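The values are calculated or read from the model by the stated rules, or taken from the named source; none is laboratory data. Since the structure is predicted, the reported quantities are computational estimates derived from the model, not experimental observations. Counting neighbours? That spans all protein chains shown, and the Cβs are built from the backbone with ideal geometry, glycine included.
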Amino acid sequence: MKVLVIEDNLELARNMESFLRREGYVCETTHALNEARDKIVSFKYDCVILDLMLPDGNGLELIEFMKEQRIESGILIVSAKNALDDRVRGLDLGADDYLTKPFHLTELNARLRAIFRRRNLNGERAISVNDVTVNPDTMEALIAGKPLDLTPKEFELLLYFVINKNRVLTRQSIAEHLWGDYIDHLANVDFVYQHVKNLRKKIDQASGRDYIETVYGLGYKFNALK
């Protein structure tokens, strides 16, 4: 899951980013409204963790902007105890959930996964396509009931394919999903080919069908119609 943390408390932002990375998230952080707006229009996120009180504006402005631009990321508000009116307004504007500060990071994780399930898995804990089953909560992947031994990046790649089944995914979009804005420091996105190759190999070793098709000149597609 790819997450953007928007939080001006630097220590809290670092703690959230460190925790979420350990939990297998692709996590980016920003501390101001304008930078957050730039990131949201440049990259796709599964969920945005949004502090409402930011140094250059109110986080509610960002929710309105996301809805105007039809950006479909989930939104989890984090706010102080005395910000009830803003939390209610944020939910009315389209936020998915909120957490009151201070909160436990394990609860943050649970809320994020619940938002992801509602938005991508119809509320289910796992998603299945033919003989492929992927569970984001446990980071388990199965082929016809047989576990796949995947690295975190391979798991995230398979989940991304399954959620976007039958859609062509460019190498650039895959790279951004797996690495976030860190790809700005890379010379190219050739590493995507190796990740796809390794995933295909492991699916084949588990006697699974080769669902991942190369779309020459564009990228890849998980063909669920096979």
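Brief remarks follow.
- Any hit, the stretch 101-115, residues being farther than 25 Å from Asp51 by Cβ and either hydroxyl-bearing (Ser, Thr, Tyr) or surrounded by fewer than 15 Cβ atoms within 10 Å (Cβ to Cβ) (or both): no
- Extreme residue, surrounded by the most Cβ atoms within 10 Å (Cβ to Cβ), among residues of the stretch 26-51 that are in a loop (DSSP other than H, G, I, E, B) and modelled with pLDDT under 90: Phe43
Quick grid of which residues meet (1) modelled with pLDDT of 95 or more; (2) more than 19 Å from Ala36 (Cα to Cα):
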position: Ile75; (1), (2): yes, no
position: Val78; (1), (2): no, no
position: Asn82; (1), (2): no, yes
position: Gly90; (1), (2): no, no
position: Tyr98; (1), (2): no, no
position: Phe103; (1), (2): no, yes
position: Ala110; (1), (2): no, yes
position: Leu121; (1), (2): no, yes
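- Given (1) closer than 30 Å to Leu169 by Cα; (2) surrounded by fewer than 13 Cβ atoms within 10 Å (Cβ to Cβ); (3) of a type in the set (Asp, Glu), index of the condition Glu11 fails: (1)
- Residue within the stretch 173-181 that is surrounded by 14 or more Cβ atoms within 10 Å (Cβ to Cβ), touching a strand residue (DSSP E or B) at 6+ places or on another chain (Cβ under 6 Å), small (Gly, Ala, Ser) and not in a helix (DSSP H, G or I) present: no
- Lone qualifier among Ile174, Ile163, Ile183 - being touching a Gly at 6+ places or on another chain (Cβ under 8 Å) and either modelled with pLDDT under 95 or more than 19 Å from Ile127 (Cβ to Cβ) (or both): Ile174
- Sole residue being buried (at least 18 other Cβ atoms within 10 Å of the Cβ), of a type outside the set (Lys, Arg) and either assigned by TED's automatic domain parsing to the domain that holds Asp96 or part of a loop (DSSP other than H, G, I, E, B) (or both), chosen from Leu150, Leu199: Leu150
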